[in-house]
Amino acid sequence: MTDKLSFFKKLAMAFKAFREADMMASLPDGGDWDDYETRRVRYDILWSLYENTTYSNIHSWSQAYRNRYAMYKFTRNLYNPAAREAEFWEQMVWGGSLDLQEARKGAVPVLLPKENQANEEALRKAITDVWRKSNFALRKDTIPLWGAALGDVGIKIVDDRERGIVYSQIIHPSIIKDIEVNNVGWVKRYELFEKRYDNDGRVVDYAETAERGVGEDVVFRTFANGKPYAFGDTPAEWVEPYGFIPFVIIQHRDVGLDWGYAEIHKVLSKVREIDDLASKTHDQIRKSIDPFWLFNFSKPKKSVAAEGGENTLDRPQRGREEVQALYIDKDNASGQALIASVDLGSALTSIDKMLSELERELPELQDDIWTASGDASGEAISKAREKVGTRVVTRRQAYDAALVRLHQMAIAIGGHFGYQNYEGFDLESYKQGKLEHFINPERPIFQTSKAGEQSEFMRELGIIEKMVNVLEMPLETALRERGWDKVKIKEMFAEKERAIKLKQEDKIPDVEQ
């Protein structure tokens, strides 16, 4: 994995230098946003934000990036929240453990419509088999991590005929050279591109395409350096009767373009401004500790100041560490530190204000959604989480829909070829509705402890009590208003009536015979 990501970075660096247009989209056609080379540079920049290496000259585009936005040449990623942001969505989409037995609970709880519950056991068995064969329990969180950090992520379904299994493979978006989707986002054609070894161990430009042929056929082709090439035992061209392209593409934020927005994208200008000011402020503090000196005597043969020169391995940023000095030849020798008068407090306050503004646009970064400080109540935490919860539900929809589609295609393929655990399904199963299911959209967002659950329940009871006593609202109405399940309300009142009846019967005195 590390080698592959390193390759992506080197390849993106070689494609072209940074242009501001690489990070901008012009609606409605997108401008250069969809261009393959532009996307690769964009993904490289966005991933560098996640790694906190954006302003380092290990990237060929870093200097042009700093220059374009008139940034301090020693800017560092000091307050960049890209990693926290991506890892938040990594946790929130499908975070937690999978129910590999029945897919009823856990991170991905599967629900079936009533009309499809007759084959529920077989469908759950097939879904969990896809998970196990894909090592989905360990790989699943990479999908929203890449999606949130880069804006796009793909998943390919692999039909391993030799082993008799079907599984999913996560595709880095920089590999996806081109893709076509229909009106609902399902893939009609894809083209992949990356460096691979050919059958003789030579590194070649590998390309793979899949597109619809005649009728239900899907035509696959592979190429080496632009020419048809059979990798391994697979022919250079083959046809499968799938009736669909076994690939899903996920846009983390769909803004109406062919490719998605990373979660951090809309605040990049604020991130740059904060990093720029913070780097200058921190270096000013550094200069206060190690200042520029004025010496009123002739410069000695061996300078008290570090000499200038090229950066070296031992001194990679000489400009930051150099002790700079001026010399004036006077009889009375003395030295004076030359430090600019800067209100560091105001600078730090300005940074704090910008960080607060950043958190207003990305509320999931606020600490209050995890723990309220001081003596704040559970209600304060709940209120802080409310806006974030809405965002989580919205983002989950794209990932959940893609996962359901992946399940359906994988199960249809596995059933068609008679693989174990896919009995009763075939390529017609999807068309017939036998594979209909969905991921529970009401699954928990924030995991809570037993103590937290009890506290939240007591808070809920307090609200209901006020609705009944202060607003004089019937208890049953108050429960419905708070979103309690109608069946549970009915069962609760029935249980209450039974308890009253038993209590009354117990009070009836025995009659002597």
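The values are calculated or read from the model by the stated rules, or taken from the named source; none is laboratory data. Fair warning: this is a prediction, and the values are worked out from it, not measured in the lab. Cβ sites come from the backbone with ideal geometry, for glycine too, and all protein chains shown count toward neighbours.
Restricting the stretch 25-44 to residues that are touching a helix residue (DSSP H, G or I) at 6+ places or on another chain (Cβ under 7 Å) and of a type in the set (A, V, I, L, M) leaves a set whose member that is modelled with the lowest pLDDT is ALA25. Every listed requirement among (1) within 24 Å of the chain's Cα centre (by Cα); (2) at pLDDT 95 or above is met by ALA384 save one, (2).
Given the condition modelled with pLDDT of 75 or more, small (Gly, Ala, Ser) and either assigned by TED's automatic domain parsing to the domain that holds GLN91 or under 24 Å from VAL392 (Cα atoms) (or both), answer yes or no: does some residue in the stretch 473-493 qualify? Within the stretch 473-493, one or more residues are modelled with pLDDT of 75 or more, small (Gly, Ala, Ser) and either assigned by TED's automatic domain parsing to the domain that holds GLN91 or under 24 Å from VAL392 (Cα atoms) (or both).
Specify which of the listed residues (GLN513, GLN432, GLN504) is of a type in the set (S, T, N, Q), loosely packed, with under 13 Cβ neighbours inside 10 Å and either under 30 Å from ARG395 (Cβ atoms) or at pLDDT 85 or above (or both).
Details: GLN513 fails: either under 30 Å from ARG395 (Cβ atoms) or at pLDDT 85 or above (or both); GLN504 fails: either under 30 Å from ARG395 (Cβ atoms) or at pLDDT 85 or above (or both).
One residue alone meets the criteria, GLN432.
Report, by residue number, each residue of the stretch 254-282 that is buried (at least 17 other Cβ atoms within 10 Å of the Cβ) and closer than 24 Å to ARG396 by Cα. Within the stretch 254-282, LEU257, ASP258, TRP259, GLY260, TYR261, ALA262, GLU263, ILE264, HIS265, VAL267, LEU268 meet the criteria.
Please go through the stretch 199-210 and give me each residue that is surrounded by fewer than 16 Cβ atoms within 10 Å (Cβ to Cβ) and either within 33 Å of the chain's Cα centre (by Cα) or in contact (Cβ under 8 Å) with a residue 24 or more places away in the chain (or both), ordered by number.
So in the stretch 199-210, the residues surrounded by fewer than 16 Cβ atoms within 10 Å (Cβ to Cβ) come out as 199-203, 205.
Hits for the stretch 199-210 are ASN199, VAL203, ASP205.
Among the residues of the stretch 161-186, write down those that are within 24 Å of ALA148 (Cβ to Cβ) and among the charged types (D, E, K, R). The answer is LYS177, ASP178. Scanning the stretch 211-231 for residues that are under 32 Å from the mean Cα position of the chain (by Cα) and touching a residue at least 24 places away in the same chain (Cβ under 8 Å) yields GLU211, ARG212, VAL218.
How do the strands (runs of 3 or more DSSP E) wholly within the stretch 135-222 filter down when requiring 1 or more residues that are out of contact with any strand residue (DSSP E or B) (no Cβ under 8 Å at 6 or more places or on another chain): which remain? Reasoning before the result, please.
Details: elements: 152-160, 165-171, 176-181, 187-197, 203-212.
Strands (runs of 3 or more DSSP E) meeting the threshold: 165-171.
Go through the residues of the stretch 241-257 one by one and say whether even a single one is farther than 30 Å from ALA70 by Cβ, in a strand (DSSP E or B), basic (Lys, Arg) and in contact (Cβ under 8 Å) with a residue 40 or more places away in the chain. If you could, list the steps in order and put the result at the bottom.
Our first condition is that a residue be farther than 30 Å from ALA70 by Cβ; within the stretch 241-257, this holds for 241-251, 254, 256.
Then keep just the ones that are in a strand (DSSP E or B); that gives 247-251.
In the following step, the residues that additionally are basic (Lys, Arg) were identified as none.
For the stretch 241-257, residues farther than 30 Å from ALA70 by Cβ, in a strand (DSSP E or B), basic (Lys, Arg) and in contact (Cβ under 8 Å) with a residue 40 or more places away in the chain: absent.
If you scan the stretch 58-91, which residues turn out to be touching a Pro at 6+ places or on another chain (Cβ under 9 Å) and modelled with pLDDT under 95? If you could, list the steps in order and put the result at the bottom.
Initial filter on the stretch 58-91 (touching a Pro at 6+ places or on another chain (Cβ under 9 Å)): 86, 89-91.
Hit for the stretch 58-91 is GLN91, nothing else.
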